[in-house]
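The values are calculated or read from the model by the stated rules, or taken from the named source; none is laboratory data. Just so it is clear, the structure is predicted and the values come from calculations on it, not from any experiment. Here Cβ is always computed from backbone atoms with ideal geometry, including for glycine, and neighbour counts include all displayed protein chains. Remember, those area values only see protein heavy atoms, side chains included, never the ligands or the DNA or RNA. Shrake-Rupley method; radii C 1.70, N 1.55, O 1.52, S 1.80 Å.
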Amino acid sequence: NADAKPLPALSTEMKELATRGKAGKLKPEEFQGGSISISNLGMYGIDFFSAIINPPQPCILAIGGASTQIRIGTPGAAEDLPPASLKDARQVTIMSVTLAHDVRLIDEDTAATFLRTFQTYISNPGLLFM
């Protein structure tokens, strides 16, 4: 029912669940029956990794670390076009995200749509409040 909760309420609930989970005090119904797992090793300095699915969940999202890079070119322009000039240089933050999924349960089109939607929201967090 996360889609019906405001973002601050989700944040508070996740912190409470994480605290109880670390203490080994979660009830089975609080960690079973989910549809996706999230593994975040980025906070430990890992830039990229692939996570292993936790059955019976059909997928797991592996979150890597964020890094700052310099990109030259117009945002959204084709990568193979030469930049107009060095004035098009900009600093960007890049984060790796990998989705492992069981293709018997989630097809490639659905997985790709999920990742595109995730990218939209992570790139424009203000959309979460709309």
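Share of region 1-62's accessible area from carbon and sulfur, percent, 1.4 Å?
Solvent-exposed carbon and sulfur of region 1-62 make up 60 percent of the total.
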* Structure fact -> For VAL103, the accessible surface traced by a 1.4 Å probe with all protein chains present amounts, in square angstrom to the nearest 10, to 90 Å²
* To the nearest 0.05, what FRET efficiency results for MET95 and ARG20 with a Förster distance of 30 Å applied to their C-beta separation? -> 0.65
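Say a site is exposed when it is one of the trypsin sites (Lys or Arg not before Pro), sits in a DSSP loop, and has at most 15 other Cβ atoms within 10 Å; what is then the longest site-free stretch of the chain?
Details: sites that count: LYS25, ARG104.
Free of exposed loop sites, the longest segment is 26-103.
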* Distance from region 1-63 to region 92-110 (C-alpha centre basis), Å -> 16 Å
* Asked: How would ASP109, ASP88 rank on accessible area, largest to smallest, probe 1.4 Å?
  -> ASP109, ASP88
* Two-site label geometry, ASN40 and ASN54: point separation in nm, points 7 Å out along Cα→Cβ -> 1.4 nm
* Asked: Which angle between 0 and 90 degrees, to the nearest 10, do you get for helix 108-123 versus the longest principal axis of the chain when only C-alpha atoms count?
  -> 70 degrees
* What's the angle, to the nearest 10 degrees (0 to 90), between helix 7-22's Cα axis and the longest principal axis of the chain? -> 60 degrees
* Asked: Taking the Cβ of ALA111 as the center, what net charge do the other residues with Cβ under 13 Å away carry, scoring Lys and Arg +1 and Asp and Glu -1?
  -> -2
* To do: At 1.4 Å probe size, with no ligands or nucleic acids counted, give the accessible surface of GLU108 in Å², nearest ten.
  => 110 Å²
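Leaving out ligands and nucleic acids, note down the accessible area per residue over the chain with a 1.4 angstrom probe, in whole Å². Working shown, then result.
On the way: 9900 Å² over 130 residues.
Ligands and nucleic acids excluded, the result is 76 Å² per residue.
Of the DSSP beta bridges with both residues in the chain, give the percent that are antiparallel, rounding to the nearest 5.
70 percent
Given Cα pairs under 8 Å that are at least 6 residues apart, what percent is the relative contact order of the chain? Write out the running numbers ahead of the final one.
Details: 152 pairs, mean separation 26.3, N = 130.
Relative contact order comes out at 20 percent.
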